Structure formats: structure tokens, C-alpha cells
């Protein structure tokens with residue numbers, strides 16, 4: 001049985017400035033996005049859409065900037081709305097206390113989608129082409145975030161069989177119960193496995209919106225599975241049908257992804273390399 005090493009959340013202290021591991025994992029996520037997005041420019045149809053009005057490194061920088069805003073604003077509002085609506089209704093100013101923690105992936109996803117709607121409209125690019133570009137570049141960044149959760153010893157797993165070789169005690173939980181290191185499960189499923197599937201799927205030219213659909217389905221299934229090993233939020237517990245809030249939020253993602261894939265299959269022809277970027 002392993003014991004979480006209780007890593008100091010502060011990676012580096014420079015006088016009054018504290019650099020936290022969690023912040024560094026966010027920087028890692030953004031760096032991975034930049035690197036993968038530049039590789040993505042070599043995939044079709046983006047490779048054939050370079051030049052004036054097409055795809056360039058400037059597009060990546062703009063999408064990342066807006067995406068970061070979407071993640072922070074959407075993630076925070078999503079947490080307040082999905083997980084503690086009554087508390088923040090009574091304490092609205094604390095919505096802005098982001099340093100206290102509390103972010104929701106599903107809220108962040110909505111924030112990113114809205115930010116890219118604005119980006120696509122402002123640049124005259126097809127919305128689903130933008131989302132299909134972004135989707136394969138995201139999972140490794142999500143995995144970096146889960147690594148940050150593990151370093152902080154937060155979002156620990158449910159009780160595990162003590163004989164499980166990797167069962168781990170998280171002193172931060174206030175108990176000596178051996179638990180699943182669910183943060184690492186999510187890193188593997190939502191990060192590495194989903195990245196491999198999406199990157200492979202997106203290497204071939206697909207109909208617009210299908211890469212985005214596979215992201216929604218893949219993340220939804222990965223997160224739904226991992227939630228069986230993750231300790232539910234104490235103030236929510238297990239909800240109807242013995243599912244957690246995270247699982248309930250994944251169901252519309254999976255269903256929406258399936259419907260989006262079918263819609264794209266019946267509506268769109270594969271994107272052609274000679275398409276113009278604006279239409």
C-alpha cells in the first residue's frame with residue numbers, strides 16, 4: 001500500500017512570489033497545445049488552406065488566448081453552477097475567488113466552445129473546422145491538469161482493496177483508507193488514451209464536425225468510466241441511479257457526440273483541400 005508523498009504545492013518560491021505546481025501544469029498544457037497545433041497545420045484540410053485567409057501560426061495564438069479565457073471563465077462559472085449553486089447564490093462575490101479552487105471541466109468546455117464561436121465568426125472560418133482543428137490538441141493538456149491534481153493530493157479516489165498494488169493513502173483526505181489514485185486513471189484515460197485515438201482519427205481527412213464528435217464521445221466515456229473510481233464531492237455524494245455529478249454531466253456529452261457524428265455523416269462531404277477558409 002502506497003502513501004501519497006504530500007508534495008509541496010509550491011514548486012518555487014521567489015521572495016513573495018510563489019510558483020505553484022498546478023500553475024506549471026497549466027503552462028505545460030498550453031505549451032503542449034501550441035506544439036501539437038503547429039503539427040496539426042500539416043494535416044488536411046489545414047495544410048491546403050494556408051496563405052491569406054487560411055491557417056497560420058497567428059491563428060493558433062489567437063485560438064489559445066481565447067481558449068484560455070474560456071477555460072478560466074467557463075470552468076469557474078460551471079463549478080459554481082453545477083456543483084455549489086446555492087452556496088454561490090448566497091455568496092456571489094466568492095465566484096471571483098478563483099484562488100480558492102473550484103473549476104469544472106464541463107463548464108470550461110462550454111467556455112471554450114463560446115470563445116471559438118466568436119473566433120470563427122470574427123475570422124470568417126467555419127466553426128466546425130475550427131473545433132476539429134482544436135480537438136486533437138486538447139487531451140494531453142487535460143492529462144497535465146490531472147497530474148496537477150495528483151501533485152496537490154486532491155480529487156482522490158474511492159476506497160480500494162488494500163491488496164491492490166497501487167492503492168494509495170491520501171493523508172489530505174483526513175483518513176488512512178487506501179484509495180484508487182483516480183487522478184492518474186484520468187490522466188491515462190482522458191489524456192493519453194484519448195489523445196492517441198483522436199490524433200489517429202484526425203490524421204485522415206474527415207467530414208466536418210466528426211473529429212469534434214469523437215472528442216465529445218471519447219472524453220465522455222473516459223470520464224464516465226474514471227468517475228467509478230473517483231470519490232464524489234462530499235457535499236453531493238452519489239446521485240440518482242448511483243451516478244456522480246461528473247457522470248451525469250458526461251451523458252449529454254456522449255449523446256451529443258453521437259448525434260453530431262451522425263449529423264455530420266449525413267450532411268457533409270469530406271472537407272476538400274481546395275476549399276477556401278472563409279465561407
Can you name the residue in the range 229-247 that is buried (at least 17 other Cβ atoms within 10 Å of the Cβ) and in a helix (DSSP H, G or I) and is also farthest from the chain's Cα centre (by Cα) among such residues? 245
Counted residues, the range 25-58 - those being at pLDDT below 85, assigned to a helix (DSSP H, G or I) and over 14 Å from residue 129 (Cα atoms): 0
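Check 34, 39, 1, 63 and return the single one that is touching a helix residue (DSSP H, G or I) at 6+ places or on another chain (Cβ under 8 Å) and either within 24 Å of residue 151 (Cα to Cα) or surrounded by fewer than 13 Cβ atoms within 10 Å (Cβ to Cβ) (or both).
Unique residue meeting the criteria: 34.
Please determine, by comparing only the residues of the range 1-24 that are under 17 Å from residue 187 (Cβ atoms) and in contact with a strand residue (DSSP E or B) (Cβ under 7 Å, 6 or more places away or on another chain), which one is modelled with the lowest pLDDT. Don't jump to the end; show me each part of the working.
To start, the set of residues in the range 1-24 that are under 17 Å from residue 187 (Cβ atoms) comprises 2, 4-5, 7, 21-22, 24.
If we keep only those that are in contact with a strand residue (DSSP E or B) (Cβ under 7 Å, 6 or more places away or on another chain) as well, we get 2, 4, 21, 24.
Working: 2: 93, 4: 95, 21: 89, 24: 92.
Checking each candidate, the answer is 21.
The values are calculated or read from the model by the stated rules, or taken from the named source; none is laboratory data. As the structure is a computational prediction, the values presented were derived from the model and not from experiment. Here Cβ is always computed from backbone atoms with ideal geometry, including for glycine, and neighbour counts include all displayed protein chains.
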